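This report refers to the structure that appears directly beneath it.
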């Protein structure tokens, strides 16, 4: 299996971790009865639960772009060194993002996001080289 596809699978698993972390933190905040109910009160996550929800939302903003680029590359031309390093950067940047966001770390969280975004850019550049 190509490294880009392996990293895509890792990113998929990371997405599940994001979802579970946000979900369980919100459930801890509002209680089991609310999360299995109709949620008519429309409570919003705050504190840690809010940070995990925002981290998950941020992941969902970038992951579809990464996914599409990997699939297009595989279909159109195959992978190369740029796509390999771009995929590595994306996943390497995304892995620490969730714990950094959960901890409320500002500077390193932003750096993590920039590394992941640079990875997406590199995969995209691979299509045009």
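Read-outs: derived from the displayed coordinates by stated rules, not from any lab. Quantities reported herein were computed from a predicted structural model and do not represent experimental measurements. In this analysis, Cβ positions are derived from the backbone assuming ideal geometry, glycine residues included, and neighbour counts consider all displayed protein chains.
Below is a table of values for the structure above.
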quantity	calculated
Nitroxide proxy distance, nm - points 7 Å out along Cα→Cβ at residue 107 and residue 92	2.1 nm
Most mobile listed residue (64, 99, 45) in the chain, GNM with C-alpha springs under 10 Å	64
Separation in nanometres of the label points that stand 7 Å from Cα toward Cβ, at residue 81 and residue 35	4.7 nm
Relative contact order (%) - criterion: Cα under 8 Å, at least six apart; region: region 3-128	31 percent
Degrees between helix 47-76 axis and first principal axis of the chain (Cα, 0 to 90, nearest 10)	20 degrees
MRE, 222 nm, helices only [DSSP H, n ≥ 4, -39500 (n - 2.57), over the chain, to nearest 500]	-29000 deg cm²/dmol
Between helix 81-103 and the chain: long-axis angle, C-alpha atoms, 0 to 90°, nearest 10	20 degrees
19 Å cut-off, amide nitrogen to a point 7 angstrom out along residue 118 Cα→Cβ, residues in region 49-90	62-63, 66, 81-90
Acute angle (nearest 10 degrees) that the helix 3-30 long axis makes with the longest principal axis of the chain, alpha-carbon atoms	10 degrees
